[in-house]
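Notes for the one structure printed next.
Derivation of every value follows stated rules applied to the coordinates shown; laboratory data play no part. Everything numeric here is computed off the predicted structure, so don't read it as measured data. Note that each Cβ is placed from the backbone with ideal geometry, even for glycine, and that neighbours are counted across all protein chains shown.
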Amino acid sequence: MFVCAECGQRHDQPGYCPIDGRPLVATDDPMLGTEVGRYRLASLLGEGGMGRVYLGVQPAIGSRVAVKILSDQCARDPGLLERFFAEAKAVKLVRHESSVSVLDLARLDDGRPYIVMEFVEGHVLASLIHQAPAPLGGLVQVVVEVLSALDAAHAIGIVHRDLKPDNIIVTGEGHAKVLDFGIAKLAPGLSHLS
């Protein structure tokens, strides 16, 4: 199977996407090219211990999101399932411009939950650290924005607990976005808020 990494269209033969002219990519990932909610999964953005994150494209208008899908194994573990839902809740409650936004939470036909989040173009801070030295002013701005997002989370009783350079994206404009609240600790009263 071949998939266009731009629009997510599936094709049986190699070549170029007739919609946007991009080269088709060979894949054995059964999720690529499928519809998840209103979005078609176009490419794999990342993979972690709990599942995978895909680029989702809304076919009619081309808007882009990140879709985090819990793995089969994790979906059968009540503790990990609870942690996945807590991540969606934590991000929704923080509502800060330097924290990734959650747009939706639903389940696939096979019962696995997924989170639809804003898609942030940029690079993880970890990859930028190993490149040429960045301007000090840009680094200070990133740190201030990360601290501001954490302050907003702490103010409502959420502790991230997994802050590291791999969980911070820096946009092309130099702004920070804090990701992955997967092991965040929510204050006791927050678990029932929506």
Quiz item: If you take the square roots of the eigenvalues of the alpha-carbon gyration tensor of the chain and sort them as a ≥ b ≥ c, do you get rounded (a/c under 1.5), prolate (a/b over b/c) or oblate?
Solution: oblate
Self-check item: Whole-angstrom Cα spans of region 108-194 along principal axes, big to small
Solution: 44, 34, 18
Exercise. Only Cα pairs under 8 Å and at least 6 apart count here; give the relative contact order of the chain as a rounded whole percent.
Key: 16
Quiz item: In the neighborhood of PRO30, defined by Cβ-to-Cβ distances under 14 Å, what is the net charge if each Lys or Arg adds +1 and each Asp or Glu adds -1?
Solution: -2
Quiz item: Scanning the chain for GluC sites (Glu not before Pro) in DSSP loops with at most 15 other Cβ atoms within 10 Å, what's the longest stretch left with none?
Solution: 1-96
Quiz item: Pairing the Cα long axis of helix 78-94 with the longest principal axis of the chain, what angle in degrees results, from 0 to 90 and rounded to the nearest 10?
Solution: 70
Quiz prompt | Two-site label geometry, VAL140 and ASP110: point separation in nm, points 7 Å out along Cα→Cβ | solution = 5.0
Self-check item: Within straight-line cross-link reach of LYS68, aspartates and glutamates at Cα separation under 13 Å, skipping those fewer than 8 residues along the same chain
Solution: GLU47, GLU87, ASP104, GLU118, ASP180
Practice problem: Quick one: P(r) of region 59-119 from all Cα-Cα pairs, 10 Å bins, percents rounded to integers, in order of increasing distance. | Solution: 21, 49, 26, 4
Quiz item: Which angle from 0 to 90°, rounded to the nearest 10, does the C-alpha axis of helix 136-155 make with the longest principal axis of the chain?
Solution: 80
Quiz prompt | Length released on extending from ALA60 to LEU44, taking residue separation times 0.36 nm less the Cα-Cα span | solution = 3.7 nm
